[in-house]
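Okay, so here's the structure we're looking at.
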C-alpha cells in the first residue's frame, strides 16, 4: 500500500476513488467505506484511496477535549492495508487546513486530486466550522461529473459501529463488545520495559509493556493473545492496573504509582526486554483487587492462567 504525505504529493492517484475520514480504529463502519471505495475503483479501473488526516483534527481544534486514539498512526496504516486500500493520503491537519472553506476543500479533492468517485459516511462534514456536508459535496461532485456514494450508519448486533462506541467499550473493559464493532480483537503495541521484577520472585514472570497506543482497557485482568517479536502468537494473562497487593500508599490512601500493563506469556521462557509486543484483548476475567498475602495473589494468578487457557482454547 502506498502512503502519501499530503494531497499535494498524490499526483499518482489522480482519478482515483477516494473515501474520507479519520479512520481511528478502522472499525466495521470504516471497513464498509473502504469496501465501497474498492467497488468504485474496480468500476473505474482506478486506485482505491483513503484520504485521512494527521494529527487527529481534535488535537488541533480542541486539544483539551481530544479522546484517546484507538490506534497509532502505524497501526491505522496496517489496518487500512488489510482492508484493501491501494493508497493512503495522510493530509497534515493544522490551523491553515482547518480554515479552508467548503468550496476550497472541494477544489482540493475534486480538482487537485481529481477524485472520480467519493465515498463518505452519512454524517460527513468538512470545511471551516464544518460548514460543508453531504448535500454540498453532492452538488460539487455533480458539477464535475464525479460520483458521490453516501454510506448509511453501520450497525452490528444492534450497536452503532463508531470510534466513540469502540472507545466506550474499551474504557469499560468490555473488550468483547469492542471486538464486535472492530471485527477483530482490540489490541495495543509497545516495547517491553523494565518493571519491578516482582513477577519472577513469585514464580510468574511478566513483561511490562510501555503502550504506544493511547487507549487502554479498564483496570482488570484479561485473557490476551500476544504477538511475539518473530510474529508468532502466544497466550497471555494480562493485568492492567496498579498492583494493589504490593503498591505503596500515600497518606491519603491514593496510589503513588502509575497504571501498568503486565503480561505473563504462557508456556514460554523468553527474554523480551526492549522488544515490541502486540497484546490482543480477548476477554476480561475479573477486576483487579488487593490480596492479603503474596501467596493468595499467586493462587489467584494460577486460576487466571487456567481461565485464560479456557477462554483462548
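Any read-out appearing in this document is the output of simple, stated calculations on the displayed coordinates, not a laboratory observation. Model, not experiment: these values are computed from the prediction. All Cβ positions, even for glycine, are placed from backbone atoms using ideal geometry, and neighbour counts span all protein chains on display.
Round to the nearest 10 and give me the degree value, 0 to 90, for the angle of helix 28-44's Cα axis relative to the longest principal axis of the chain. That works out to roughly 40 degrees.
Over region 136-184, the alpha carbon radius of gyration divided by the compact-protein estimate 2.2 N^0.38 Å works out to 1.67.
Could you work out the mean projected area of the convex hull around the alpha carbons of region 1-140, in square nanometres to one decimal?
Details: hull surface 30.7 nm².
Computed as one quarter of the Cα hull surface, the answer is 7.7 nm².
GNM remark for the chain: springs join alpha carbons under 10 Å apart, and the peak mean-square fluctuation among 176, 214, 142 falls on 142.
Can you put 222, 126, 273 in order, fewest other beta carbons within 10 Å first?
Numbers: 222 27, 126 19, 273 12.
By the 10 Å Cβ count, ascending, the order reads 273, 126, 222.
When every Cα-Cα distance of the chain is counted in 20 angstrom steps from zero, the calculated P(r) takes the values 30, 48, 21, 2 percent.
Restricting the count to DSSP beta bridges whose residues both fall in region 2-153, what percent are antiparallel, rounded to a multiple of 5? Before the final figure, lay out each step's value.
Details: 2 of 23 bridges.
Taking every DSSP beta bridge within region 2-153, about 10 percent pair in antiparallel fashion.
The ranking of 238, 85, 141 from fewest to most other beta carbons within 10 Å of each one's beta carbon is 141, 85, 238. Contact order for region 185-312, expressed relative to its length and based on alpha carbon pairs under 8 Å spaced 6+ residues apart, stands at 35 percent.
Counting only DSSP beta bridges whose two residues both lie in the chain, roughly 65 percent are antiparallel. Arranged from fewest to most other beta-carbon atoms within 10 Å of their beta carbon, 1, 169 become 1, 169. Within the listed set 209, 219, 259, the residue fluctuating most in the Gaussian network model of the chain (springs between alpha-carbon atoms under 10 angstrom) is 259. Short-range pairs are left out: with C-alpha atoms under 8 Å and at least six residues apart, the relative contact order of region 100-169 is 32 percent. Counted over region 1-68 with a bin width of 5 Å, the fraction of Cα pairs per bin, in whole percents, is 3, 16, 22, 21, 18, 11, 6, 3, 0. Extent of region 64-128 along its three principal axes (Cα atoms, max minus min coordinate, largest first): 35, 32, 23 Å. Both radii are taken from the alpha-carbon atoms of region 185-312; with Rh as the Kirkwood radius, Rg/Rh is 0.94.
Could you quote the convex hull projected area for region 170-225, Cα atoms only and averaged over all directions, in nm²?
Numbers: hull surface 17.9 nm².
Seen from a random direction, the Cα hull of region 170-225 projects 4.5 nm² on average.
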